[in-house]
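*Asks:* Please find one structure pasted underneath; my questions will follow.
The values are calculated or read from the model by the stated rules, or taken from the named source; none is laboratory data. What you see is a predicted model; the values in this text were computed from it and never measured. FYI the Cβ positions are ideal-geometry reconstructions off the backbone, even for glycines, and counts take in every protein chain you see.
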Amino acid sequence: MSFSVHYISRISRRGNRLTIYAYDLMRRLEEPFDDSLYNEENEPFNCGLLLNDLAKQCGFANDTELPPEAIPLYYSDISGKKCREILDSISRRSVGVWYCSNSGQLKFCRFLSADNGIVPIAAQTSPVYLHSKKGPFGAVYGENSTTGEIYSAGTGGVGYTHILRIAGPLITRESVQSVMSLIAGRSYQAFYCSHIGISDAPEGITAFYFDAYPEGLISCHTAVHFSGGGVYAEAKAADICEDDWDYTDLTGYELRRRVERFREYGSTVMTDKGLGVIADKTDDPLRRAVYYFSRAAQGVTDFDGAIIDRVMPTAIESVSDTAKRIIYDGVSYILEYKKGGGGSKTDITLTREET
């Protein structure tokens, strides 16, 4: 399992756990683009040559993969811009995303497509939670953010959930039609999976072929975690928020996110058995000692052998430094103990007090 070169940005320590945050060459895209070889006299520029110059400046390997269509670029599109801003304009026009491949190349992947596919290790994978679904798409509305012009393609009269809206400075009528041909009849599925067993390295936009979803779910954000229990991935595709339907579904998404399997809440964790109390912390959330509350009888709860009754003492009185009188459900009991080191109590006995 190999990855491209990553650069450490932060290291944090908490107890015996060490967390290292590292990023690939995409972090270099915050640099201003070197436009010294470009001027208004030789525009429009060849998009391929310009992107190769940009990739070389940021340290990417050769053979940058370009969007499928020729995109004319002008001096105003690159002058004074960061490398990230130039790539963002191109990705908004072609509707896709740029990423660094595991071989160090700058690559472009179109919307609803994936350059990489992984079959998860089922025994090491937590449940997948589906969120909102957008589509199947029947129309595209595009707005040129510079001129304000609006273009459309596809079938008129379709509902909000079947329309994809795009915007950017390079949007044209032709680019909108190109996007429509790409996504017609297809759907976008938002999902989240916190723990995916992997034997291969994910790359950029990755499709995960889960047992329950053999057609594959495309992850737009994949994080790889290295822990004492092995390597696993966390994958998700976020909701598209464009209309009331999407925002309403986000409410359900937020609720589901808060009861995610193996998601920790302080010293508790949500599992298939319900809310459990964590006894031991480990790096692998699939291997930990967890204890649960269970019903022992009417009004009585069992927690790891300890019985909790709904009836509480009505009074507690001090008899001596090592004894307490407890009035419990109208009956008096004497609690006696010996004091140990560090404030602990030993030889604890509870006897009913004779009247």
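*Asks:* Which condition does ALA201 not pass, out of (1) crowded, with 18+ Cβ neighbours inside 10 Å; (2) in contact with a Ser or Thr (Cβ under 9 Å, 6 or more places away or on another chain); (3) under 30 Å from LEU18 (Cβ atoms), if it passes all the others?
*Replies:* Of (1) crowded, with 18+ Cβ neighbours inside 10 Å; (2) in contact with a Ser or Thr (Cβ under 9 Å, 6 or more places away or on another chain); (3) under 30 Å from LEU18 (Cβ atoms), only one is false for ALA201: (1).
*Asks:* For the stretch 158-180, give me the residue count where each residue is over 26 Å from the mean Cα position of the chain (by Cα), at pLDDT below 85 and either crowded, with 16+ Cβ neighbours inside 10 Å or basic (Lys, Arg) (or both).
*Replies:* So the answer is 0.
*Asks:* List the residue pairs whose Cβ atoms are under 7 Å apart, where the first residue sits in the stretch 133-150 and is of a type in the set (Lys, Arg), the second is modelled with pLDDT under 90, and the two are 6 or more positions apart or on different chains.
*Replies:* Taking only residues 6 or more apart or on different chains, the pairs are LYS134/THR161; LYS134/ILE240.
*Asks:* Filtering the stretch 44-68 down to residues that are touching a helix residue (DSSP H, G or I) at 6+ places or on another chain (Cβ under 6 Å) and modelled with pLDDT under 85, which residue is surrounded by the most Cβ atoms within 10 Å (Cβ to Cβ)?
*Replies:* Within the stretch 44-68, the subset touching a helix residue (DSSP H, G or I) at 6+ places or on another chain (Cβ under 6 Å) is 54, 58-60, 64, 66-67.
Subsequent filtering for residues that are modelled with pLDDT under 85 retains 64, 66-67.
Values: THR64: 18, LEU66: 16, PRO67: 21.
Applying the filter and picking the extreme gives PRO67.
*Asks:* Please work out which residue is surrounded by the fewest Cβ atoms within 10 Å (Cβ to Cβ), limiting yourself to the stretch 12-43 and to residues that are in contact with a Ser or Thr (Cβ under 7 Å, 6 or more places away or on another chain) and free of Cβ contacts under 8 Å to residues at least 40 places away in the same chain.
*Replies:* SER12
*Asks:* Within the stretch 89-109, restricting attention to residues that are touching an Asp or Glu at 6+ places or on another chain (Cβ under 7 Å) and not in a helix (DSSP H, G or I), which residue is nearest to GLN57 (Cα to Cα)? Spell out the reasoning first.
*Replies:* Narrowing the stretch 89-109 to residues touching an Asp or Glu at 6+ places or on another chain (Cβ under 7 Å): 89, 94, 100-102, 105, 107-109.
Those left that are additionally not in a helix (DSSP H, G or I): 100-102, 105, 107-109.
Details: CYS100: 14, SER101: 17, ASN102: 18, GLN105: 13, LYS107: 15, PHE108: 17, CYS109: 21 Å.
Looking at residues that are touching an Asp or Glu at 6+ places or on another chain (Cβ under 7 Å) and not in a helix (DSSP H, G or I), I get GLN105.
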